[in-house]
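To start, the structure under review is shown below, and the notes come after it.
Quick note: the coordinates plus some simple rules give every number you see, no bench work behind them. Everything quoted here is computed from the prediction, not taken from an experiment. Cβ placement follows ideal geometry from the backbone for every residue including glycine, while neighbour counts extend to all protein chains displayed.
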Amino acid sequence: MAKYKVVFLGPEDDKLEYEQAEMADLDVEFVKANPKSEGEAMEVVKDADAILNRAGWGSEQFIKSTKNCKVLAVYSHGFNHIDAEAATEHGMMITNGAGMCAEEVSNQAVAFTLALNRQVVQYTLQLRDGGKWDGSEFSPIEPLDEQTVGIIGFGNIGRQIARKLGGWRMDTIVYDPYCPPWLIKEYGVEQVWELNDIFKRSDYVITIVPLNPETYHMIGKEQFDLMKKDAFFVNVCRGAVVNEKEMIDALNNKKFRGAGLDVFEQEPADPKNPLFYMPNVIVAPHIAGQSTRSAWLSRRRASQQVAAVLRGERPTALQNPAVTSKLEMMSSMPASKPKL
């Protein structure tokens, strides 16, 4: 009997090549399951030592159904579908695919910025729809090197966006109250301490923050009302950091010029979502993180985190660090004595 049971939640025909390679030195039994309900998922993970989660399960009930699970690793960068607070209370580490798609997501943000600046999609559709030839319809086109980009969130992806758009000589301001001053200095950007200042001053606002209770609907009518009339808004993180209804209202009322959106509050989004049909909005179906490299890198990252925990090491992508003190407390508690 293997020492550790690692449950993979995802397609049952998955070969788990990277996962098995990363844990080749460990005595591991891999169990593959693609449960159709939370109840089925709870049954399959109840005696797992670790969970590799490519599915959507992560509720408090799901987490507490495990008896001795040390770690739950998600393959994505975002982990808002996991109840991290419940996991911490239960003594379970949560890890993500940190860094697995930073290059790709930052490229998507830059692509949106350039496409909005040059009105690439709008002019393409103009020519495709009857061959209309009018180079002034979507003007003015401002020079990027005279524009200011405001980045909300200066983690790994935000920093890559700043570095790349710096190549177009854009001025960069950043809102991230958790970012240390030395990092701001290293990237040569300006730090602002009020979220609203980003919206007042920027010609392009790019949002790249994790979705959590602090960031849910952090952007809405108040912020959009502050934007320049010719400014653009880009979201490549999670749809629910923005109040989508208020964004739609702001666009309809011409509070700002347009948007580039990779994410939506509801996903898959309603095919009738008005954002899909606005001529000044370019959209994508949450594909910012996709590439042939990020696909295998996400597997490598997830399996490395699980392997580290099973070896008794601290995982590098731990997302609920408070769990360490919880685990220390649990390990110091005396074992319960059976009643006679």
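The figures follow:
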| quantity | calculated |
| --- | --- |
| Histogram of C-alpha separations across the range 143-221, 10 Å bin width, % | 19, 55, 24, 2 |
| 22 Å tail of the calculated P(r), the range 34-131, as % of Cα pairs | 47 |
| Rounded to the nearest 20 debye, dipole of the chain from Cβ charges on Lys, Arg, Asp, Glu | 360 |
| In degrees, nearest ten, helix 156-166 long axis to first principal axis of the chain (Cα) | 20 |
| Modelled label reach - TYR216, point 7 Å along Cα→Cβ, the range 255-281 residues with backbone N closer than 17 Å | 264-267 |
| Along principal axes, Cα extents of the range 265-320, largest first, whole Å | 53, 26, 16 |
| Cβ-defined net charge surrounding LYS245, 13 Å radius [Lys, Arg +1; Asp, Glu -1] | -4 |
| Spin-label model distance (nm) - MET278 vs VAL31, 7 Å beyond Cα toward Cβ | 4.7 |
| Cut-off 18 Å (backbone N to label point 7 Å along Cα→Cβ of GLU17), residues of the range 288-314 | 291-304 |
| Expected 222 nm ellipticity per residue - DSSP helices of 4 or more, -39500 (n - 2.57), all of the chain, to 500 | -10000 deg cm²/dmol |
| The range 200-326: radius of gyration and largest Cα-Cα distance (Dmax), Å | 18.3, 57 |
| Label-point separation, TYR123 to ASP230 (7 Å along Cα→Cβ), nm | 1.6 |
| Gain on full stretching of the segment that runs from SER139 to ARG300 - 0.36 nm per residue minus C-alpha separation | 53.4 nm |
| The chain - percent relative contact order, Cα under 8 Å, separation 6 or more | 19 |
| Radius ratio Rg over Rh of the range 102-283, counting only Cα atoms, Kirkwood formula for Rh | 0.96 |
| 3J(HN,Hα) from dihedral phi, the range 100-105, Karplus parametrisation 6.51/-1.76/1.60, rounded to Hz, x for glycine, proline | 5, 9, 4, 4, 5, 5 |
| Fraction in percent of alpha-carbon pairs per bin - 20 Å, the chain | 28, 50, 20, 2, 0 |
| Listed residue (PRO143, THR88, GLY188) projecting farthest to the positive dipole end of the chain, Cβ model | THR88 |
| Spatial separation of Cα centroids for the range 274-312 and the range 117-177, in angstrom | 23 |
